[in-house]
Amino acid sequence: MGFKSNLLKSNLLKRTVKVGAKLTPKILVVSVANILLKGVAEFSDILYDLDQHTAFVKVTLYGEEEAIEVALDGFEILGDEENYQFILHKAQSNKPWMNNILARIVGKTWDIPEIPQYKDELGFVANLLKAEEPEQETVKEIA
């Protein structure tokens, strides 16, 4: 296993990325999104919490006047080192048509296609977005 592969599997990198995501100024995230989607959409708000697997976006499609608001609650990547799927547990929008679209995808798993040159990176993102196992409380017997 190579250095890159080992690095992408480390919990230290996972924690570092989550801290970095929390510390990244919202204005920077919105600006980058707007540069990437110029002529398609303009983001006015983006909030996300990788630990809680939640996100909120407020975006106005190019040529439209009213913004679309979408709240995601509970998204994760499932799978092993070979096959991955994305699942969204809850989603809601301020637009009825968007709620109809979301109703069709919520609760369903979506296969993520394998791209061999990005296998390690996909594994890292999957590890970053997988649901945390709830901690089991240990019960001590009183003798």
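Remark: pairs (first residue in the range 46-75, over 16 Å from Leu88 (Cβ atoms); second residue buried (at least 17 other Cβ atoms within 10 Å of the Cβ) and among the acidic types (Asp, Glu); Cβ separation under 9 Å; 6+ apart in sequence or on different chains) = Val59/Glu42; Thr60/Glu42; Leu61/Glu42; Tyr62/Glu42; Ala67/Glu42.
Applying the selection to the range 97-124, what residues are in a loop (DSSP other than H, G, I, E, B), surrounded by 11 or more Cβ atoms within 10 Å (Cβ to Cβ) and modelled with pLDDT under 90?
Restricting attention to the range 97-124, the residues satisfying the condition of being in a loop (DSSP other than H, G, I, E, B) are 106-108, 113-115.
Adding the requirement that they be surrounded by 11 or more Cβ atoms within 10 Å (Cβ to Cβ) leaves 106-107, 114.
Passing the criteria: only Glu114.
Candidates Glu42, Glu66: the one that is assigned to a loop (DSSP other than H, G, I, E, B), more than 17 Å from the chain's Cα centre (by Cα) and of a type in the set (Asp, Glu) is Glu66. With respect to Thr54, is the statement that it is under 25 Å from Pro113 (Cα atoms) and among the polar types (S, T, N, Q) true? In short, yes. From the list Leu88, Leu128, the lone residue that is closer than 20 Å to Leu13 by Cα, surrounded by 11 or more Cβ atoms within 10 Å (Cβ to Cβ) and either touching a residue at least 60 places away in the same chain (Cβ under 8 Å) or under 16 Å from the mean Cα position of the chain (by Cα) (or both) is Leu128.
The values are calculated or read from the model by the stated rules, or taken from the named source; none is laboratory data. Keep in mind the model is a prediction, meaning the values are calculated, not measured. So basically every Cβ, Gly included, is an ideal-geometry build from the backbone, and we count neighbours across all protein chains shown.
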